[in-house]
Amino acid sequence: MNILVVGGGGREHAIIKKLRESTRVEKIYALPGNGGIAADAECVAIGAKDVEGITRFAVENKIDFAVVAPDDPLVLGAVDSLEAAGIPCFGPDKKAAIIEGSKIFSKNLMAKYNIPTAAYRTFTDASEAMEYIKTAPMPTVIKADGLALGKGAVIVETVDEAQNTVRAMMEEKIFGESGTSIVVEEFLTGPEVSVLAFTDGETLVPMVSSMDHKRALDGDAGLNTGGMGTVAPNPYYTEAVAAECMQTIFLPTIRAMQAEGRPFKGCLYFGLMLTPNGPKVIEYNCRFGDPETQVVLPLLQTDLLTIMEAVHDGKLSEVDVQFADASACCVILASNGYPGKYETGFPISVPDELAGQVFFAGAKLQDGVLCSAGGRVLGVTAIARDLKDAIDQAYAAADRISFANAYCRRDIGKRALQALSCKAE
Ligand code: AMP
Ligand code: GLY
């Protein structure tokens, strides 16, 4: 089969590597992919937001199945456009992708269907938001309604900070139209868990849980990033918590989307916080997480293409989805300075024997040489029977990969290990 994967980051590389394990896959195109992905797929310079270009390419190249991975094309309706052209897809249509595309939609959905989440107010008027914030309990969380490259949530400690944030989002429009409306919500505490789930709109199959590390520096200091590393499974996500999430969050969410006439097909990402009052939803994403995918898919034992087709056909209940009983750790190598200013264009050296476990994000070929080209340059994943070995092996591998200005956190998985040792006591 001819497969098309839309996107060009580490997540897409992990999807492509997994799809390549399928004997039915003949050729994979990545749109746009990147210089590192080029080793595993044919990269075509069509941007992930160019829905028309993607659709035209899919038709002209007789694509049998398409996977739309990033949020932007999903929210823009890439799946609707491809399906209308007769190309079967993995991913939600535009109507369902709104679960990530509008935080106001998702908060109102949770309120209407009693799905646990932080208490909230929504605002479309800056002066009303300013007035409300004067008496809001601090800290509080302010979120832009629309997509904002994962930077649209700001935790504020004082009224001054809150007002500056409202002004920046609603008046100065630092996130463009995404900040025209905002959500102000209760600050929650507790360990965070990412759960990705396959769903065909009726059946929902959670994947192995994971833990992201969003801050740039060790000890969860520094600015928020797209994610500096992940481990799976997440030790806080016990079987009891998983059972509770299934009943109070996962199934109610897919039923709610059905009831709203927006059945969700694809990968639904639940960003959860395990609060003292039970698990609550911090955010929904309409797609695989990045870099969660780089630890979750390597543990998947079932043929990914078979699962994706079953999701498309509404037959997920017929597939036995299995994950390895093992742990995985992914360490991101970034350009020093990320998520602020950084330099790129440095040659990347990866030993051949590590190629299978490296997922490229910000990388491009310059005169045939693979060079750094972004903030997050690559992720390297190791799998082992237990978490400690997975972490040690991921760092051992990361230390053998080099490019000028490379930076990584040295404590990916540390909190997860501590949680495991508490459990064992
Ligand atoms: P989001 O963009 O909604 O995923 O939020 C980014 C990060 O901000 C999350 O991973 C949390 O660490 C934090 N966050 C978001 N909402 C809340 C909340 N209501 N209470 C505490 N932390 C939050
Ligand atoms: N790792 C967080 C996300 O993919 O949104």
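Quick notes on this structure:
Condition check ((1) closer than 30 Å to Ala256 by Cα; (2) of a type outside the set (Ser, Thr, Tyr); (3) surrounded by fewer than 18 Cβ atoms within 10 Å (Cβ to Cβ); (4) without any contact (Cβ under 8 Å) to a residue 24 or more places away in the chain) across all residues:
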site: Val5; (1), (2), (3), (4): yes, yes, no, no
site: Tyr29; (1), (2), (3), (4): no, no, no, no
site: Ala39; (1), (2), (3), (4): no, yes, yes, no
site: Ile46; (1), (2), (3), (4): no, yes, no, yes
site: Lys49; (1), (2), (3), (4): yes, yes, yes, no
site: Leu74; (1), (2), (3), (4): yes, yes, no, no
site: Ile87; (1), (2), (3), (4): yes, yes, no, no
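- Among the residues making up region 161-197, none is aromatic (Phe, Trp, Tyr), more than 25 Å from Pro276 (Cβ to Cβ) and away from ligand 2 (no atom under 16 Å from the Cβ).
- Residue that is closer than 17 Å to Glu283 by Cβ and crowded, with 21+ Cβ neighbours inside 10 Å, where the choices are Ser102, Ser81, Ser178: Ser178
- Of the residues Asn285, Asn277, the single one that is within 16 Å of ligand 1 (Cβ to nearest atom), within 15 Å of the chain's Cα centre (by Cα) and not basic (Lys, Arg) is Asn285.
Residues are listed down the side, and each one gets a yes or a no for (1) among the small types (Gly, Ala, Ser); (2) within 14 Å of the chain's Cα centre (by Cα):
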residue	(1), (2)
Glu171	no, no
Phe175	no, no
Ser181	yes, no
Glu186	no, no
Val195	no, yes
Gly201	yes, no
His213	no, yes
Leu217	no, no
Gly226	yes, yes
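- Considered as a group, the residues in region 319-332 that are of a type outside the set (Gly, Ala, Ser) and under 17 Å from the mean Cα position of the chain (by Cα) include one that is farthest from Leu217 (Cα to Cα), and that residue is Cys329.
- Selection of region 207-257 for residues being within 16 Å of ligand 1 (Cβ to nearest atom) and within 20 Å of Ala111 (Cβ to Cβ) yields Ile249, Thr253.
- Set side by side, the residues Asp50, Asp40, Asp64, Asp71 differ, and just one is within 16 Å of ligand 2 (Cβ to nearest atom) and among the charged types (D, E, K, R), which is Asp71.
- Set side by side, the residues Thr117, Thr122 differ, and just one is within 12 Å of ligand 1 (Cβ to nearest atom), over 17 Å from the mean Cα position of the chain (by Cα) and not aliphatic (A, V, I, L, M), which is Thr117.
- Of the strands (runs of 3 or more DSSP E) lying entirely inside region 321-425, the ones with 1 or more residues being in contact with a Phe, Trp or Tyr (Cβ under 7 Å, 6 or more places away or on another chain) are found at 327-335, 369-372, 376-384.
- Verdict on Arg121 being among the basic types (Lys, Arg), away from ligand 2 (no atom under 16 Å from the Cβ), farther than 27 Å from Leu272 by Cβ and not in a loop (DSSP other than H, G, I, E, B): no
- Number of the exception - Asp220 against (1) closer than 24 Å to Val377 by Cα; (2) surrounded by 18 or more Cβ atoms within 10 Å (Cβ to Cβ): (2)
- Single match in Tyr338, Tyr342 (criterion: away from ligand 1 (no atom under 16 Å from the Cβ), crowded, with 20+ Cβ neighbours inside 10 Å and of a type in the set (Phe, Trp, Tyr)): Tyr338
- Residue match in region 75-98 (condition: within 16 Å of ligand 1 (Cβ to nearest atom), at pLDDT 95 or above and outside any helix (DSSP H, G or I)): no
- Of the residues making up region 129-174, those that are assigned to a loop (DSSP other than H, G, I, E, B), loosely packed, with under 14 Cβ neighbours inside 10 Å and in contact with a helix residue (DSSP H, G or I) (Cβ under 8 Å, 6 or more places away or on another chain) are Lys134, Met138, Lys173.
- Residues in region 269-327 that are away from ligand 2 (no atom under 16 Å from the Cβ) and farther than 30 Å from Glu26 by Cβ: Leu274, Thr275, Pro276, Asn277, Gly278, Pro279, Lys280, Asp325, Ser327.
- Output for region 140-161, where each listed residue is within 14 Å of ligand 1 (Cβ to nearest atom) and over 28 Å from Pro291 (Cα atoms): Glu157
- Hits in region 330-359 - residues which are of a type in the set (Asp, Glu) and in contact with a Ser or Thr (Cβ under 9 Å, 6 or more places away or on another chain): Glu343
- Breaking point among (1) within 16 Å of ligand 2 (Cβ to nearest atom); (2) in contact with a Leu (Cβ under 9 Å, 6 or more places away or on another chain), for Ile115: (1)
- Residue in region 291-306 that is in contact with a helix residue (DSSP H, G or I) (Cβ under 7 Å, 6 or more places away or on another chain), part of a loop (DSSP other than H, G, I, E, B), buried (at least 24 other Cβ atoms within 10 Å of the Cβ) and in contact (Cβ under 8 Å) with a residue 24 or more places away in the chain present: yes
- Residue under evaluation Ala384, criteria (1) of a type in the set (A, V, I, L, M, F, W, C); (2) touching a strand residue (DSSP E or B) at 6+ places or on another chain (Cβ under 7 Å); (3) under 24 Å from Ile15 (Cα atoms); (4) surrounded by 17 or more Cβ atoms within 10 Å (Cβ to Cβ), criterion not met: (4)
The values are calculated or read from the model by the stated rules, or taken from the named source; none is laboratory data. All values reported here derive from a predicted model rather than from experimental measurement. Glycine also receives a Cβ, built like all others from the backbone with ideal geometry; neighbour counts cover every protein chain displayed.
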